[in-house]
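S.K.: Below are the structure tokens for one structure; questions will follow.
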Amino acid sequence: MPRHFPVIPPETIRRYDVAGPRYTSYPTAPEWTPAFGPEDHARSIWRAANESPDEPLSIYMHLPFCHSLCTFCGCNVIVSKDRNRPDQYIDLLFREMDLVTSLLGQRRTLSQIHWGGGTPTFLTEAQIDRLYKGIRDRFRILPDAEVSIEVHPGHTTLGQLDLLARLGFNRLSMGVQDFDPRVQDLIGRHQSIEQTELIVNHARGLGFTGINFDLIYGLPGQNTEAWGRTLEEVNRLRPDRLAVYSFAYLPTLRAQQRKIPLAELPLGPDKLGLLGQAHDAFVDRGYRPIGFDHFALPGDGLVRALNARTVGRNFQGFTVTAAPDTVAFGITGISDVAGAYAQNVRKPSEYKEALEAGRLPVERGLALTDDDKRRRRWINQLLCNDWLRLERQELGFLSDELGDLERREEEGLIERNWLTDGALDITLTDLGRVFARHVAMVFDNRLRARQGSDRPLYSKAV
Ligand SMILES: C[S@@+](CC[C@H](N)C(=O)[O-])C[C@H]1O[C@@H](n2cnc3c(N)ncnc32)[C@H](O)[C@@H]1O
Ligand code: SF4
């Protein structure tokens, strides 16, 4: 377990600071296709229901509304001042749930519920109550289910938190990004330390656990000194979990990011230095790193799972157990059911049109091949647990990868260990944890197949 972030020479940073996938899924989203449509998704749900009728499910609700648009944001959001706007959207979520549950038959038990956004607390208390009860009417929620929500502390009331706790929500994730007022001006998002502290303390008092902060490094205006002050405040508030994301700067895809002055962006070694600073600030205060950019306190379930090498992940981040089948609702929601991804349409008008016609609002997706499933398991294992064991029989599926792994070892990213039973153990080094995506790329057959052809748009790795 590393005490301190490795010292990385600038030429090493330059070598790895290239565009690359983040592997929130494998195969990555650019591989998904419109050839996979609503009927395919319906078949996956039906198969999931019939093949494992007793397995619990996870559901994701995408609640895209925001009060204003933060200029750095890469999420799919609807900016509105109209607090009634979600009413009709909730009606459509109910229609979508009805379509899905008609296919699910008896498979209606939920072990995980996640509300993400956007800003789910854009919903009024009455809307939150109506949506949650709509879920409860259609599914059986296990008594120990993980029920989580993403909140923006600047737009969350204590009354909303009280209601969420009464309904059964028990996990909270909040956007913080950076407390520095100048950075907040540059990203068009204002949130005081006091507001954040109030929400954290109130949520703790209500019994929420696994309280998470999202921070971002690489934002405009960030520098060592101001970032150090943010990290100190975060350490003082001591959330159970931390996600420290690399700023994904994609101005061609996200028009609002074009407002960000380029000269203010910390890049390359400066940007990575901010991650290193955060890593050391948190590790020094007792946090354990999970992957290279997440941290958790020793008492948190994620750390226990890391010790047992059983950390899993889904589209919302790391999970304590392997993710069950996940059905997503709402615009752009991504389902992962019976070995297939399905993503919902982006436009609210198309979402409404599909549901009013009684059709699942799926825009694109992919049914994974056996090879995809194998590679997904390897990539997830590596990114979640810093370690991967390739069994002897699995090695037969590799060819060019073995040479690439040898090179990654020469570059100091991994250590390989051949076991007596013919299996190969791969462990990420401290340097390899920072550039884990580059090691994961070794197993990405689809990226390999695209080499030299049209490369999809990924953000830079550093
Ligand atoms: C969907 S947002 C919801 C959070 C909530 N609306 C808020 O702002 O507090 C989830 C997280 O995605 C991260 N995020 C959004 N845009 C990003 C970007 N361009 N690069 C890196 N992380 C980003 C932020 O850390 C944010 O807290
Ligand atoms: S960061 Fe959060 S509040 Fe800001 S636009 Fe994105 S989703 Fe909305």
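The values are calculated or read from the model by the stated rules, or taken from the named source; none is laboratory data. On a predicted model such as this, the values are computed, not experimentally measured, just so you know. Cβ coordinates were reconstructed from backbone atoms using ideal geometry, including for glycine residues, and neighbour counts include every protein chain displayed.
S.K.: Among (1) in contact (Cβ under 8 Å) with a residue 60 or more places away in the chain; (2) among the basic types (K, R); (3) not assigned by TED's automatic domain parsing to the domain that holds S80, where does R309 come up short?
M.R.: So the condition that R309 fails would be (3).
S.K.: Please work out if R189 is within 30 Å of Y217 (Cα to Cα) and away from ligand 2 (no atom under 16 Å from the Cβ).
M.R.: Answer is no for this residue.
S.K.: If I filter region 412-419 for residues that are surrounded by 15 or more Cβ atoms within 10 Å (Cβ to Cβ) and touching an Asp or Glu at 6+ places or on another chain (Cβ under 7 Å), do I get at least one hit?
M.R.: Checked region 412-419: no residue is surrounded by 15 or more Cβ atoms within 10 Å (Cβ to Cβ) and touching an Asp or Glu at 6+ places or on another chain (Cβ under 7 Å).
S.K.: Taking region 154-186 on its own, how many of its residues are farther than 29 Å from S246 by Cβ, among the charged types (D, E, K, R) and in contact (Cβ under 8 Å) with a residue 24 or more places away in the chain?
M.R.: 1
S.K.: Here's another thing I want to ask about it. Every residue in region 165-214 that is in contact with a Ser or Thr (Cβ under 9 Å, 6 or more places away or on another chain) and of a type in the set (K, R), please.
M.R.: Within region 165-214, R171, R189 qualify.
S.K.: Criterion first (within 19 Å of A354 (Cα to Cα), of a type outside the set (F, W, Y) and either more than 16 Å from ligand 2 (Cβ to nearest atom) or touching a Pro at 6+ places or on another chain (Cβ under 7 Å) (or both)) does S44 satisfy it?
M.R.: Criteria met by S44.
Residue-by-condition table, conditions (1) of a type outside the set (A, V, I, L, M); (2) farther than 24 Å from C70 by Cα:
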site: V151; (1), (2): no, no
site: L161; (1), (2): no, no
site: A165; (1), (2): no, yes
site: G168; (1), (2): yes, yes
site: F179; (1), (2): yes, no
site: T196; (1), (2): yes, no
site: A203; (1), (2): no, yes
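S.K.: How many residues, within region 364-400, are assigned to a loop (DSSP other than H, G, I, E, B), without any contact (Cβ under 8 Å) to a residue 24 or more places away in the chain and under 18 Å from the mean Cα position of the chain (by Cα)?
M.R.: Qualifying residue count, region 364-400: 0.
For (1) among the hydroxyl-bearing types (S, T, Y); (2) in contact with a Cys (Cβ under 7 Å, 6 or more places away or on another chain); (3) not in a strand (DSSP E or B); (4) not assigned by TED's automatic domain parsing to the domain that holds Y60, each residue gets a yes or a no:
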{"site": "L198", "(1), (2), (3), (4)": "no, no, yes, no"}
{"site": "W227", "(1), (2), (3), (4)": "no, no, yes, no"}
{"site": "E233", "(1), (2), (3), (4)": "no, no, yes, no"}
{"site": "A243", "(1), (2), (3), (4)": "no, no, no, no"}
{"site": "T252", "(1), (2), (3), (4)": "yes, no, yes, no"}
{"site": "Q257", "(1), (2), (3), (4)": "no, no, yes, no"}
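S.K.: Which residues, taken from region 282-302, are crowded, with 19+ Cβ neighbours inside 10 Å, of a type outside the set (F, W, Y) and under 21 Å from P6 (Cβ atoms)?
M.R.: Correct list: P289, I290, G291, D293, H294, A296.
So that you can scan it fast, the table gives a plain yes or no per residue for (1) closer than 27 Å to L198 by Cβ; (2) away from ligand 1 (no atom under 16 Å from the Cβ):
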{"position": "T224", "(1), (2)": "no, yes"}
{"position": "R236", "(1), (2)": "yes, yes"}
{"position": "V244", "(1), (2)": "yes, no"}
{"position": "R258", "(1), (2)": "no, no"}
{"position": "G276", "(1), (2)": "no, yes"}
{"position": "D284", "(1), (2)": "yes, yes"}
{"position": "P289", "(1), (2)": "no, yes"}
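S.K.: Being farther than 16 Å from A126 by Cβ, more than 15 Å from ligand 2 (Cβ to nearest atom) and of a type outside the set (G, A, S) is the filter here; which residues of region 146-162 pass it?
M.R.: E146, V147, L158
S.K.: Quick check on my filter: what residues within region 207-216 are within 9 Å of ligand 1 (Cβ to nearest atom) and either among the hydrophobic types (A, V, I, L, M, F, W, C) or surrounded by 21 or more Cβ atoms within 10 Å (Cβ to Cβ) (or both)?
M.R.: F213, L215, I216
S.K.: Identify, from the list A328, A322, A296, A281, the residue that is modelled with pLDDT of 90 or more and closer than 30 Å to E96 by Cβ.
M.R.: A328
S.K.: In addition: Quick one: which residue in G412, G358 is without any contact (Cβ under 8 Å) to a residue 24 or more places away in the chain, more than 20 Å from the chain's Cα centre (by Cα) and either under 29 Å from T33 (Cβ atoms) or not in a strand (DSSP E or B) (or both)?
M.R.: Going through G412, G358 in turn, just one is without any contact (Cβ under 8 Å) to a residue 24 or more places away in the chain, more than 20 Å from the chain's Cα centre (by Cα) and either under 29 Å from T33 (Cβ atoms) or not in a strand (DSSP E or B) (or both): G412.
S.K.: Would you mind finding the one in D98, D129, D137, D91 that is within 30 Å of D300 (Cβ to Cβ), acidic (D, E) and away from ligand 2 (no atom under 15 Å from the Cβ)?
M.R.: D129
S.K.: Please state which of the following conditions I13 fails to meet, knowing it meets all the rest: (1) under 30 Å from R288 (Cα atoms); (2) in the same structural domain as K271 (by TED's automatic domain parsing).
M.R.: (2)
S.K.: Residue check: is Y89 touching a residue at least 24 places away in the same chain (Cβ under 8 Å) and within 30 Å of G273 (Cα to Cα)?
M.R.: No.
S.K.: When you look at A248, is it assigned to a strand (DSSP E or B), under 24 Å from the mean Cα position of the chain (by Cα) and in contact (Cβ under 8 Å) with a residue 12 or more places away in the chain, yes or no?
M.R.: no
S.K.: Residue by residue through region 48-67, note down the ones that are assigned to a strand (DSSP E or B) and not small (G, A, S).
M.R.: Within region 48-67, L57, I59, Y60, M61, H62, L63, F65, C66 qualify.
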